[in-house]
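Undergrad: The structure follows.
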Amino acid sequence: MKARAIILKLGGSAITVKEKPFTANHSAIENLAREIAKAKVPHLVLVHGGGSFGHPLAKKYAISEGLKDPSQIIGFSKAHNAMTVLNQLVVETLIRRNIPAVGVAPSSFIITKSGRIEKMDVNIISKILEMGFVPVLYGDAVLDTRKGFTILSGDQLVASLAITFDADRIILGVDVDGLYTDDPKTDPSAKLIEQSKLNELKREHSWIDKAKVTDVTGGMRGKIIELIPAIEHGTRALIVNGTKRGTIYRALCNEKVKGTIIERE
Ligand code: IP8
């Protein structure tokens, strides 16, 4: 039987130094590349976030709000370009580990409508996977049929790819151990939710159903909300700490690992 795809998202918080604009966390990228190389999983799709490359420019030029003023146009180019720089860094590090990585710009095959993916030409990604390459995509500044342009988050992209490729699992590598009952960075009594069925999660955490994707930008809650369509489709989501050594390797190999697993049933 053909192995189902695994979609691995390397969060911007795990691969860049968030508080320092345009600063990559080289040692973290090196570690991740080593673990990905060691795990050798077939049909792997990589997606990375923007971290301190894409986000400062996206914010400065209000790219998510769409084209409202001509002064934003150069900002779209800058935000997209910053992401290609980070992507190149990630791809080069993977290639050094002998992983046949191929960077693909989401803005070259995706168009959104009011911030949501409207058209996605996945033929190239299918062919890349079929040939045994590892496509490396990212959250990007993309064109939008209503707003002119916007920011497509890596999380929305991950869910959409998981559905398109009927992925076995999504692994989100972030800078905390998983989904907590509260923000563990500000609330030390927050507890890690280790395993959850989507319905239980929705029952216990009202923010999941009530919030609209657009109201919850970024943060763990925004990520979970983005993943819901893929989980409903039947893809398991695993949220782990991508900054802890060995975690991504174990998650890729389907070994037990500290984190949050969310599944349909
Ligand atoms: O870090 C956003 O991707 P994310 C990418 O996955 C840009 O939300 C360009 C800010």
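Undergrad: How many nm separate the modelled label positions at residue 254 and residue 105, each set 7 Å beyond the Cα in the direction of the Cβ?
TA: Reported label-point gap for residue 254 and residue 105 is 3.7 nm.
Undergrad: Cross-link list 113/202; 185/244; 40/256: which exceed 19 angstrom alpha carbon to alpha carbon?
TA: Details: 113/202 27 Å; 185/244 16 Å; 40/256 17 Å.
Among 113/202; 185/244; 40/256, the Cα-Cα distance tops 19 Å for 113/202.
Undergrad: Would you please give the FRET efficiency between residue 208 and residue 19, computed as 1/(1 + (r/R0)^6) with r the Cβ-Cβ distance and R0 = 45 Å, to the nearest 0.05?
TA: That pair, residue 208 with residue 19, gives E of 0.95.
Undergrad: Could you give me the ³J(HN,Hα) list for segment 30-36, computed from phi with Karplus coefficients 6.51, -1.76, 1.60 and θ = phi - 60°, whole Hz, x at Gly and Pro?
TA: With coefficients 6.51, -1.76 and 1.60, one gets 4, 4, 5, 4, 5, 5, 5 Hz.
Undergrad: Could you calculate, for segment 164-265, the ratio of the Cα radius of gyration to the Kirkwood radius, expressed as Rg to Rh? Write down the numbers at each step before the final one.
TA: Details: Rg = 13.1 Å, Rh = 13.9 Å.
When Rh is taken as the Kirkwood radius, the ratio is 0.94.
Undergrad: Using the Karplus equation 6.51 cos²θ - 1.76 cosθ + 1.60 (θ = phi - 60°), what ³J(HN,Hα) coupling, rounded to whole Hz, does each residue of segment 153-160 give in order, writing x for Gly and Pro?
TA: Computed from phi, the couplings for segment 153-160 are 6, x, 5, 5, 4, 4, 5, 5 Hz.
Undergrad: In addition: Any idea what % of Cα-Cα pairs in segment 1-158 are farther than 20 Å?
TA: On the way: 5961 of 12403 pairs.
Counting every Cα pair in segment 1-158, those more than 20 Å apart make up 48 percent.
Undergrad: For a label point 7 Å from the Cα of residue 40 along Cα→C-beta, name the residues of segment 110-137 whose backbone N is under 17 Å from it.
TA: It comes to 132-134, nothing else.
Undergrad: Over the alpha carbons of the chain, what is the largest minus smallest coordinate on each principal axis, giving the biggest first in Å?
TA: The Cα atoms of the chain stretch 50, 44, 36 Å along the principal axes, largest first.
Undergrad: Right, here's the next one. Give me a comma-separated list of calculated 3J(HN,Hα) values for segment 68-76, in order, Karplus coefficients 6.51, -1.76, 1.60 applied at θ = phi - 60°, integers in Hz, x for any Gly or Pro.
TA: Per residue, the Karplus-derived 3J(HN,Hα) values read 10, 8, x, 5, 7, 4, 5, x, 4 Hz.
Bear in mind that the values in this text are calculations on the coordinates, not laboratory data. Bear in mind the structure is a predicted one, so any value in this text is a computation, not a measurement. Here Cβ is always computed from backbone atoms with ideal geometry, including for glycine, and neighbour counts include all displayed protein chains.
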